[in-house]
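Here is the structure we will look at, set down as structure tokens.
The values are calculated or read from the model by the stated rules, or taken from the named source; none is laboratory data. Quantities reported herein were computed from a predicted structural model and do not represent experimental measurements. Quick reminder, even Gly has a Cβ in these numbers, built from the backbone with ideal geometry, and neighbours come from all protein chains shown. Protein only, heavy atoms only, side chains kept; ligands, DNA and RNA dropped before computing areas. Shrake-Rupley method; radii C 1.70, N 1.55, O 1.52, S 1.80 Å.
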Amino acid sequence: EDCSEEEVLRSLVRRVRDHCDETVHRAHQMQRLSPEIWEGLMLLQLLWGANSAIAQQLDQSLRTQPDLPEMQLGMSLTQTLSQMSNTGKISAGGTMMLDRFAMAAPNVRPPVPAADF
């Protein structure tokens, strides 16, 4: 079965969260803390970091333009598109496609919502 890293992360977060909930419930019943609680919380924290890294990679992949020379990397998207269309390096269709990516980029969210942690 082919799974993306986002799907794997969602599944792991759900399982680790269930495990943490169960160990906290057991600790409450037994009136003592176990190392399992801290291990589970540490694992959730690591998964939180992975989730943030994936969101950052998604954001960067939407904003990256591999055809651009280094001097254009600091330009805004609008400046770069206008310069590219003036030099004939980009078609009107290409501009529309890049505009769609630019509009989508601010909406990039981590694969696992914060509430799931």
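When the residues of segment 41-81 are filtered to those that are open to solvent by less than 50 Å² (accessible area, probe 1.4 Å), in a helix (DSSP H, G or I) and over 30 Å from Pro113 (Cβ atoms), the one that is modelled with the lowest pLDDT is Gln72. In segment 12-27, of all residues being open to solvent by less than 70 Å² (accessible area, probe 1.4 Å) and among the hydrophobic types (A, V, I, L, M, F, W, C), the one that is farthest from Ala115 (Cα to Cα) corresponds to Ala27.
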